[in-house]
1. Val240 versus (1) open to solvent by 30 Å² or more (accessible area, probe 1.4 Å); (2) among the aliphatic types (A, V, I, L, M); (3) within 9 Å of the ligand (Cβ to nearest atom): which is the lone unmet condition?
2. Of all residues in segment 49-61, which are within 13 Å of the ligand (Cβ to nearest atom) and not acidic (Asp, Glu)?
3. Return the residue satisfying two criteria in turn: it lies in segment 67-80 and is within 30 Å of Pro251 (Cα to Cα) and within 15 Å of the ligand (Cβ to nearest atom), and of such residues it is surrounded by the fewest Cβ atoms within 10 Å (Cβ to Cβ).
4. Out of segment 19-43, which residues are in a helix (DSSP H, G or I) and either open to solvent by 10 Å² or more (accessible area, probe 1.4 Å) or more than 13 Å from the ligand (Cβ to nearest atom) (or both)?
5. Which residue, of Glu208, Glu172, is open to solvent by 50 Å² or more (accessible area, probe 1.4 Å) and within 14 Å of the ligand (Cβ to nearest atom)?
6. Which one is nearest to the chain's Cα centre (by Cα), of the residues in segment 219-229 that are surrounded by fewer than 23 Cβ atoms within 10 Å (Cβ to Cβ) and either within 8 Å of the ligand (Cβ to nearest atom) or not small (Gly, Ala, Ser) (or both)?
7. Only one residue in Leu64, Leu88 is closer than 30 Å to Tyr306 by Cα, part of a loop (DSSP other than H, G, I, E, B), within 11 Å of the ligand (Cβ to nearest atom) and modelled with pLDDT under 95, so which one is that?
8. What is the one condition in (1) in a loop (DSSP other than H, G, I, E, B); (2) under 25 Å from Phe300 (Cα atoms); (3) over 18 Å from the mean Cα position of the chain (by Cα) that Gln97 does not satisfy?
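The values are calculated or read from the model by the stated rules, or taken from the named source; none is laboratory data. Every value quoted in this text rests on a predicted model; they were computed, and no experiment measured them. Every residue, glycine among them, receives a Cβ derived from its backbone with ideal geometry; neighbour counts consider all protein chains shown. When the accessible area is computed, the model is the full protein with side chains, heavy atoms only, and any ligands, DNA or RNA have been set aside. Shrake-Rupley method; radii C 1.70, N 1.55, O 1.52, S 1.80 Å.
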Amino acid sequence: MAENLSLVTGASGFIASHVVQQLLERGDQVHATVRSTKNERKIKHLLDMQERWPGMLTLFEADLLIAGSFEAAMKGCSVVYHIASPFLIENKIRDGQKEVVEPALKGTQNVLDAVQKCETVRLVILTSSVAAIFGDNADVLGMKNNTLSSEYFNSSSSVTHNAYPYSKVIAEKEAWKLYESQPAPSRWKLVTINPGLVLGPSLSPLSESGSLSLLDQLLRGQLLFGVPDMWFATVDVREVATAHIQAAQNPDSHGRYILADSKTHSFVEIARILRSITQSFWMPRNKLPNALVRMLGPVFGLSQKYLRLNLGIPFNIDNRPSLDELKIVYRPLEETLADHYHSWKSTKSRSR
Ligand SMILES: NC(=O)c1ccc[n+]([C@@H]2O[C@H](COP(=O)([O-])OP(=O)(O)OC[C@H]3O[C@@H](n4cnc5c(N)ncnc54)[C@H](OP(=O)(O)O)[C@@H]3O)[C@@H](O)[C@H]2O)c1
């Protein structure tokens, strides 16, 4: 076993790409899984990393839905970063069970079944989400001091209402169950990273991450007439990647770590910051009245229940453990959005 050999699942993705890059920058060896090594456009950034760090990054094919898929890639690894899972925004999901719930749950079971069999693994870092803590923003109003805290689990989501948050909470709960089912003394530790909406520069050229597609709509001018009064817990992708690695490095890390600024940001604030960065006429200046959003909701695939429980509800976030135990320094949202925009622009100009 190599003490510094790690497995990263879903390495073609937005967050996992940064984790792979930061591990390589530290001098660690990485086994990384992708669904297909033949899709060279999708994994171009990983092929570039192989050239930049010769012999340090090995790619394997694995699918969340196929039992035993991760066993070859895990061989000899001490740390498993399980990041792969589909992230789609609510109005893009047609069949929640198939598109998000099954891959999240079966994927976690398959990866952790492989961990149970692989004697070298001592630590699993699971990429969960704040969505495993709350489903609708209104849920946070029922938490102590209206503050999102890692002591809660999302109990309001289902396959038909907030399927993606549901996929994250059932996958995370399954992981804790499998962790606790180990015979004593436990061979492997489980830590979860629970990020808010992840923004910032993308290394991966073809990620379908919901956070990238949300900003893509904004940057393409599809929301020119205004944005709904939505509030998001946000975080930079580079801090999320660092948190994964710090959680692995710190022998005292434990439990769940929320990764997000200490206050939510409104969609209109995000749009206004991007407007000043891009100087683009296409960026919305204003928020849409809630009554209008409720009227238009069905056209955009958003239910009245979803809108009632999410419009106009900011909240606070307890991110202290990420500061104290993982030593995360959150950069300003302006810097994240500027870097997000420049990366979006260069990806668009390359794909023309
Ligand atoms: N972005 C956010 O705002 C955010 C916030 C909190 C948590 N998260 C979590 O972070 C993780 C990564 O998300 P991301 O934003 O980086 O999205 P992403 O770029 O879409 O990455 C998702 C990854 O999952 C892989 N995947 C999906 N279905 C798969 C399957 N059946 N078998 C194998 N791999 C599969 C994808 O592989 P392909 O490239 O082959 O499709 C991709 O590498 C997810 O667990 C997500 O829930 C994201």
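1. Failed condition: (1).
2. Filtering segment 49-61 for residues within 13 Å of the ligand (Cβ to nearest atom) gives 59-61.
Leu59, Phe60, listed by residue number.
3. We begin by selecting, within segment 67-80, every residue within 30 Å of Pro251 (Cα to Cα); these are 68-80.
Subset that is within 15 Å of the ligand (Cβ to nearest atom): 68-74, 80.
On the way: Gly68: 11, Ser69: 20, Phe70: 28, Glu71: 17, Ala72: 13, Ala73: 25, Met74: 23, Val80: 28.
Result: Gly68.
4. Residues of segment 19-43 that are in a helix (DSSP H, G or I), as a first pass: 19-26.
Answer for segment 19-43, where residues must be in a helix (DSSP H, G or I) and either open to solvent by 10 Å² or more (accessible area, probe 1.4 Å) or more than 13 Å from the ligand (Cβ to nearest atom) (or both): Gln21, Gln22, Leu23, Leu24, Glu25, Arg26.
5. Details: Glu172 fails: open to solvent by 50 Å² or more (accessible area, probe 1.4 Å).
Every option except Glu208 fails the conditions.
6. To start, the set of residues in segment 219-229 that are surrounded by fewer than 23 Cβ atoms within 10 Å (Cβ to Cβ) comprises 219-226, 229.
Keeping just the survivors that are either within 8 Å of the ligand (Cβ to nearest atom) or not small (Gly, Ala, Ser) (or both) gives 219-220, 222-225, 229.
Numbers: Leu219: 20, Arg220: 22, Gln222: 24, Leu223: 24, Leu224: 27, Phe225: 28, Asp229: 22 Å.
It comes out as Leu219.
7. Values: Leu64 fails: modelled with pLDDT under 95.
Step by step, each of Leu64, Leu88 is checked, and only Leu88 is closer than 30 Å to Tyr306 by Cα, part of a loop (DSSP other than H, G, I, E, B), within 11 Å of the ligand (Cβ to nearest atom) and modelled with pLDDT under 95.
8. (1)
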